[in-house]
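Asker: Attaching a single structure in structure tokens format; questions to follow.
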Amino acid sequence: MENNIKFTSSYNSSDKILIGKVELTSIGREDARSVYDLTIEGINLYPDYSDYILDSTNVSDVTTDSVGYLMKVLPSVRKTAGYMILVMKENVLQKFMISNPEMFDFYAVFFTIDDAVKYIKSKR
């Protein structure tokens, strides 16, 4: 998969975990659309993945309209993955727990990739 300045992907083949990492510190609607498209591309390139982690720890500012694209990707990931994990900073989490609580009906949220991977492995 081709990585770019907005988003990179990696695949942990031994654990079958696909990780998408948002490289931006601020995400607007167009950036979120690009992340969505690249997430779908990653899912198609690694059809044998079991779980998906979206790493947004670089992000400090997310516009409300960009959250729609995070929600849009969920049906695609949920059809194929055991767990959809979101990794983000605590202050960003708090902002969206208040403004978009429905988002957290679908995501498990952690603050580090290592914690997310440990959680996935503990549930297998």
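Asker: Determine, yes or no, whether S13 is within 15 Å of the chain's Cα centre (by Cα) and at negative phi.
Answerer: Taking the combined requirement at face value, the residue does not satisfy it.
Asker: Something else: Given (1) more than 13 Å from the chain's Cα centre (by Cα); (2) modelled with pLDDT under 85; (3) assigned to a helix (DSSP H, G or I), where does E30 come up short, assuming only one miss?
Answerer: If we test E30 against (1) more than 13 Å from the chain's Cα centre (by Cα); (2) modelled with pLDDT under 85; (3) assigned to a helix (DSSP H, G or I), just (2) comes out false.
Asker: Another question, then. Does G82 meet the test of being in a loop (DSSP other than H, G, I, E, B) and modelled with pLDDT under 80?
Answerer: yes
Asker: Which residues, taken from the range 31-75, are charged (D, E, K, R), more than 17 Å from M97 (Cβ to Cβ) and touching a strand residue (DSSP E or B) at 6+ places or on another chain (Cβ under 7 Å)?
Answerer: D51, D55
Asker: Scanning the range 90-108 for residues that are charged (D, E, K, R) and either open to solvent by less than 50 Å² (accessible area, probe 1.4 Å) or within 19 Å of N58 (Cβ to Cβ) (or both), which turns out modelled with the highest pLDDT?
Answerer: Top of the filtered list is E90.
Asker: Ok, one more. Taking the condition of being farther than 16 Å from V62 by Cβ and free of Cβ contacts under 8 Å to residues at least 60 places away in the same chain, how many residues in the range 19-47 meet it?
Answerer: 10
Asker: If you scan the range 51-66, which residues turn out to be surrounded by fewer than 21 Cβ atoms within 10 Å (Cβ to Cβ) and either within 12 Å of the chain's Cα centre (by Cα) or within 15 Å of S10 (Cβ to Cβ) (or both)?
Answerer: Once the filter is applied, which keeps residues that are surrounded by fewer than 21 Cβ atoms within 10 Å (Cβ to Cβ) and either within 12 Å of the chain's Cα centre (by Cα) or within 15 Å of S10 (Cβ to Cβ) (or both), the range 51-66 yields T57, N58, V59.
The values are calculated or read from the model by the stated rules, or taken from the named source; none is laboratory data. These figures come from a predicted structure and were not determined experimentally. Cβ sites come from the backbone with ideal geometry, for glycine too, and all protein chains shown count toward neighbours. Please note that ligands, DNA and RNA were not included when accessible areas were found on the heavy atoms of the full protein model with its side chains. Shrake-Rupley method; radii C 1.70, N 1.55, O 1.52, S 1.80 Å.
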